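The values are calculated or read from the model by the stated rules, or taken from the named source; none is laboratory data. Please read all numbers here as calculations on a predicted model, not as lab measurements. Cβ sites come from the backbone with ideal geometry, for glycine too, and all protein chains shown count toward neighbours. Remember, those area values only see protein heavy atoms, side chains included, never the ligands or the DNA or RNA. Shrake-Rupley method; radii C 1.70, N 1.55, O 1.52, S 1.80 Å.
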Amino acid sequence: MSQQGMATQATGAFRAERDGLLTHRTDYATAMATFRWPHLPEFNWALEWFDVVAAEHPERLALWVVSDDAPDITVTYAAMARRSAQVANWLRGHGVKRGDSVLLMLDNQVELWETMLAVMKLGAVLIPSSTLLTPEDLADRLDRGSVRHVVTGQAYAKKLDGLAGEWTKVVVGDAPGWLAYRDADSAPEDFTPDGPTRTDDPLFLYFTSGTTSKPKLVEHTYGSYPIGHLSTMYWIGLRPGDVHLNISSPGWAKHAWSNMFAPWNAEATVFIYNYTRFAAAPLLDQLVRCKVDTFCAPPTVWRMLIQADLAKWQVPTRELVAAGEPLNPEVIEQVSRAWGITIRDGYGQTETTAQVGNSPGQPLRLGSMGRPLPGYRIALVDPITEQEAAEGEICLDLSARPIALMRGYQDSPERTAEVMRNGFYHTGDVASRDADGYITYVGRADDVFKASDYRISPFELESVLLEHPAVAEAAVVPSPDPLRLAVPKAYVVLAAGFAPDADTALAILRYAREHLSAYKRVRRLEFAELPKTISGKIRRVDLRGQEVRKYAGTQARPAGEYRDDDFPSLRGDPSL
């Protein structure tokens with residue numbers, strides 16, 4: 001069945017809305033006015049979309065994997081459809097059935113995509129997991145995810161050996177006591193499902209990266225991500241036949257966003273570059289050599305790329321986008337000067353698909369995340385009045401609930417009720433909206449703080465700091481102060497060639513003073529590596545905790561901290 005493609009009425013409804021977004025790719029007003037989420041009671045995306053595309057365009061590349069130390073690997077849509085059918089049949093023979101949870105922990109390798117499609121064809125549930133997880137992390141996932149089966153690589157099997165639970169062990173490679181994935185080679189290439197898949201059946205369980213608390217268990221369905229990522233496809237600007245590179249590690253929601261659903265919804269090619277250690281030059285070389293059409297990277301990668309002389313590479317790329325954290329305007333401007341292409345920022349969460357974005361062909365406002373994407377109604381809700389306002393928490397109106405919104409936190413009805421309260425889904429992020437509908441990120445609700453009774457957005461201050469050539473990364477948090485309650489303090493990662501000394505601190509603090517209002521002035525600075533989650537997000541909560549501990553019971557200055565009043569040229573009005 002996978003070779004022919006199981007075209008259905010659901011396929012036609014999905015294709016119609018997809019084609020509408022492609023047709024109006026640069027016509028934002030029409031796309032917003034005409035797009036409707038296809039409401040499909042039953043839909044198995046792997047069978048009723050991917051396999052259909054494979055039957056229509058069998059020789060089109062579905063996957064292209066490039067590595068520093070190995071030949072390129074290319075897989076056509078038809079080959080991926082056949083191979084995933086074999087894997088599905090083989091897994092079924094080893095007890096994987098509809099509704100079972102399958103923990104998947106592989107690198108960016110062909111078997112990862114084969115397994116994801118195979119599990120979908122079976123109607124089972126995927127728990128994508130990073131290869132960086134510890135045995136303790138994995139034990140938590142096995143327990144809370146009610147895991148029945150595990151598929152992992154030879155290098156990671158030992159992390160799982162000895163962990164409690166009854167689950168099927170499948171390994172790519174060889175490991176004692178594990179079933180060998182390669183045995184799927186002998187399975188039949190035709191797959192017949194055991195019945196229909198409902199769009200509200202569970203498909204993914206994602207453990208969020210936990211910037212402030214223990215990871216939450218986000219449940220997505222066979223509708224919410226496969227159909228929901230039509231918005232992500234639109235934001236990226238993908239077209240059929242494009243070669244799309246997204247920098248993301250397996251195990252995180254962004255990998256499913258842009259390394260599976262968005263490009264394959266568009267009938268494009270997923271391009272993977274596997275590197276041993278990240279460096280700008282080899283990545284840029286691959287962009288040029290492989291003629292990458294669309295490129296998505298998190299802000300951390302963009303900040304590293306601009307350390308290189310980008311003008312040396314004449315990239316053929318048509319669309320540049322960024323997501324994961326807000327992208328600072330200085331990064332956008334540097335890339336635009338070098339390549340004549342503007343990075344388009346976007347916003348979403350593990351709990352959703354792309355909600356807000358600067359879509360192709362539309363005017364950009366530097367610093368803005370863009371406007372609501374097709375299928376989303378965004379409300380900014382005042383935390384006190386719970387009414388819509390020009391600035392407030394980013395929320396989704398549940399009276400027009402998008403199919404792309406998670407079902408909820410599987411193991412916590414209390415958390416689900418909290419974020420779904422009063423007719424809105426609450427993201428926990430604060431933003432402002434201008435008269436033209438452009439939304440600008442302010443910060444996490446728990447990152448925004450007060451200094452001298454003024455409300456401070458860390459992101460705004462960090463964006464100014466990043467304009468200075470010495471600053472590669474920065475995080476701003478409140479630092480306890482006896483007079484002002486708190487003052488802004490910057491933790492700074494230096495760019496290459498700059499020394500972590502008083503001269504550099506003075507230069508950065510002076511720049512911030514000249515480019516920020518007095519009440520937003522960065523008054524303290526420390527050079528340090530930034531704590532991050534394993535998905536790359538800065539853990540400001542850790543830095544805030546450090547500041548509290550450093551000043552607990554004392555006003556003594558922490559070692560290595562520079563202050564604006566250390567420098568006579570920076571001393572100003574002490575009332576500010």
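If we keep just the residues of segment 451-487 that are in a strand (DSSP E or B) and over 29 Å from the mean Cα position of the chain (by Cα), which is modelled with the lowest pLDDT? Quick ask: steps written out before the conclusion?
First pass over segment 451-487, keeping only residues in a strand (DSSP E or B): 451, 454-456, 471-481, 485-487.
Those still in the list that are over 29 Å from the mean Cα position of the chain (by Cα) too: 451, 454, 479-481, 485-487.
Details: ALA451: 80, TYR454: 69, SER479: 92, PRO480: 88, ASP481: 84, LEU485: 75, ALA486: 86, VAL487: 91.
Selected residue: TYR454.
So is ALA164 at negative phi and either without any contact (Cβ under 8 Å) to a residue 40 or more places away in the chain or buried (at least 24 other Cβ atoms within 10 Å of the Cβ) (or both) or not?
Yes: the conditions hold for ALA164.
Enumerate the pairs (first residue in segment 16-37 and small (Gly, Ala, Ser); second residue anywhere and open to solvent by 60 Å² or more (accessible area, probe 1.4 Å)) with beta-carbon separation below 8 Å, excluding pairs fewer than 6 apart on the same chain, so at least 6 apart or on different chains.
GLY20/THR34
Taking only segment 268-287 into account, find how many residues are in contact with a Phe, Trp or Tyr (Cβ under 8 Å, 6 or more places away or on another chain), within 24 Å of LEU238 (Cβ to Cβ) and not aliphatic (A, V, I, L, M).
Of the residues in segment 268-287, 4 are in contact with a Phe, Trp or Tyr (Cβ under 8 Å, 6 or more places away or on another chain), within 24 Å of LEU238 (Cβ to Cβ) and not aliphatic (A, V, I, L, M).
Quick one: is VAL430 among the aliphatic types (A, V, I, L, M), out of contact with any strand residue (DSSP E or B) (no Cβ under 6 Å at 6 or more places or on another chain) and open to solvent by less than 30 Å² (accessible area, probe 1.4 Å)?
So VAL430 fails the test.
Pairs under 6 Å by beta carbon, first residue open to solvent by 20 Å² or more (accessible area, probe 1.4 Å) in segment 398-427, partner acidic (Asp, Glu), six or more apart or different chains?
These pairs meet every condition: ARG407/GLU219; GLN410/GLU219; ASN422/GLU386.
Only residues that are in contact (Cβ under 8 Å) with a residue 40 or more places away in the chain, of a type outside the set (Val, Ile, Thr) and surrounded by fewer than 15 Cβ atoms within 10 Å (Cβ to Cβ): list them for segment 516-559, please.
Correct list: ALA518, TYR519, GLN555.
Is it the case, given these coordinates, that ALA16 is modelled with pLDDT under 95, open to solvent by 10 Å² or more (accessible area, probe 1.4 Å) and among the aliphatic types (A, V, I, L, M)?
Criteria not met by ALA16.
Of (1) of a type in the set (A, V, I, L, M, F, W, C); (2) free of Cβ contacts under 8 Å to residues at least 60 places away in the same chain; (3) assigned to a strand (DSSP E or B), ILE127 satisfies all except one. Which?
Condition not satisfied by ILE127: (2).
Assess whether ARG98 counts as being open to solvent by 20 Å² or more (accessible area, probe 1.4 Å) and in a helix (DSSP H, G or I).
Here the answer is no, as ARG98 does not meet what is asked.
Quick check on PRO363: is it modelled with pLDDT of 95 or more and out of contact with any helix residue (DSSP H, G or I) (no Cβ under 6 Å at 6 or more places or on another chain)?
no
Would you check if ASP185 is under 25 Å from ARG83 (Cβ atoms) and open to solvent by 60 Å² or more (accessible area, probe 1.4 Å)?
In short, yes.
Conditions: (1) assigned to a strand (DSSP E or B); (2) open to solvent by less than 20 Å² (accessible area, probe 1.4 Å). ILE508 meets all but one. Number of the miss?
Only one criterion is unmet by ILE508, namely (1).
Does LEU483 qualify as being open to solvent by 40 Å² or more (accessible area, probe 1.4 Å) and either over 23 Å from ALA354 (Cβ atoms) or of a type in the set (D, E, K, R) (or both)?
yes
Can you tell me which condition LYS121 does not meet? The list is (1) touching a helix residue (DSSP H, G or I) at 6+ places or on another chain (Cβ under 7 Å); (2) among the basic types (Lys, Arg); (3) open to solvent by 30 Å² or more (accessible area, probe 1.4 Å), and all the others hold.
Unmet condition: (3).
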